[in-house]
1. Would you mind checking K120/K296; K148/K296; K120/K148 for any pair whose Cα atoms are more than 25 angstrom apart?
2. Over segment 31-187, what is the relative contact order in whole percent, taking alpha-carbon pairs under 8 Å and six or more residues apart?
3. Would you pull out the residues with amide H under 5 Å of L185's amide H, same chain only if 5 or more places away, H placed 1.01 Å from N?
4. For segment 135-271, what does the alpha-carbon gyration tensor say about shape, rounded, prolate or oblate, given a ≥ b ≥ c as the root eigenvalues, a/c under 1.5 as rounded, and a/b over b/c as prolate?
5. Based only on the alpha carbon positions, what is the Kirkwood hydrodynamic radius of the chain, in angstrom?
6. If you take every residue apart from L48 with its C-beta less than 13 Å away from the C-beta of L48, what net charge results, scoring Lys and Arg +1 and Asp and Glu -1?
7. Could you sort the peptides 45-55, 101-111 by per-residue average Cβ neighbour count (10 Å cutoff), highest mean leading?
8. For segment 200-344, take every pair of Cα atoms, bin their distances at 5 Å starting from 0, and report each bin as a whole percent.
Amino acid sequence: MKKVVYCSCFLIMFAFALAQESEDETQAESVLTLEQAFSYALSSDADLVTAQTDSQAAERDLGRVRADPLALRLDTLQAEQTLAAAQSNLVSTRVATQVEVADAYLVAFEADESLQISQKQLSIALQTLEAQRIRLSAGAVTQLDVDKANNDYQAALRDLADAEANRSLAYAELSSLLNITVSQLEPLNNELLILPDLEEVKTKTRAQNAQLLAASRNVELARTRLAAIDNAFSAQSDIDAARDSLESATISSAESERTLDLNVQNSYNAVLSAQARYESAIANYSTALEDLNAQKTRLDAGSISPLSYAQAELSFQSTAASLSSAKHAYYLSLLRLEQTIVGQ
């Protein structure tokens, strides 16, 4: 009876292990989206975890200061500003993590497209070499023509090896960044390509930018210190020093705002340029697709050879890859604009 029980338990455990292994394989083989990549990174990034811990610690410290009946107004203000700085750093770190993940993700996606193009180039080079050998046998070309075709084939082999190595490296870097095994990626969702209004960007920047908020807090702190010291109990030299500190903080805050306005405008202009390149790439893609369809009609009618159509397919693949690259550059410019908004 015990043997039967042991055997049954073993079979159950073995079946569970197989099911778990199958589930792990399914997860490894599933297609990853950029949104999912963000989710993985935001839950495991070391810098982000540290920023979250700092924010929580600052919040606890503020609670203790507020609960202390003997705490001065200046102590409370400093604790509030420490928490605000920690929260701003948390937001900045989150955006920086998204930029890093998006960059690695899109590099890996483009490595896939480069690999596909290299595979197509190799296929065409092989077909061309075989055709030249047949033509050589028929006396239609010279050995030099065959040698040139072979050189092109060998070059295509090397390009394919490089493309495979680049893809492997790009996927390894993305997998390391996300702490999961990544094997396949979804294209970038067009819904992420939303161009904000410039005035909305400026308003958001004034409300969220870490450097601007820090400068404003310095002014408030300097003003509070001056108010605390500007009385008959203080030496005139201390009062003058506090006034100088307030004036310096005010000037620094105004300079930070001016510099930030310029940075925001430059970042926004970069987004507009990237958007224009993306729209141009869309137009080129549409033209290339029409040309490919025309070449397919000619192939079906027997007007061109299969090799000529394969070359048309290669040209279309290259145009599609250029569209992806422009699309990715546009999205990254939007993320970097967000980075400018929150500060870094």
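Derivation of every value follows stated rules applied to the coordinates shown; laboratory data play no part. Here the structure is a predicted model, which means the values were calculated and not measured. So basically every Cβ, Gly included, is an ideal-geometry build from the backbone, and we count neighbours across all protein chains shown.
1. Values: K120/K296 17 Å; K148/K296 28 Å; K120/K148 18 Å.
Exceeds cut-off: K148/K296.
2. On the way: 126 pairs, mean separation 55.5, N = 157.
Dividing the mean separation by the residue count of segment 31-187 yields 35 percent.
3. Amide H to amide H, under 5 Å and 5 or more residues apart or across chains, L185 pairs with L32.
4. Working: a/c = 3.87, a/b = 3.67, b/c = 1.05.
Cα axes put segment 135-271 in the prolate bin.
5. Working: mean 1/r = 0.0383 Å⁻¹.
It is 26.1 Å.
6. Working: positive: R94; negative: D45, D47, D54, E100.
Charge balance near L48 sits at -3.
7. Working: 45-55: 16.0, 101-111: 21.3.
Per-residue mean Cβ counts within 10 Å order the peptides as 101-111, 45-55.
8. 2, 10, 12, 10, 9, 8, 8, 7, 6, 5, 5, 4, 4, 3, 3, 2, 2, 1, 1, 0, 0
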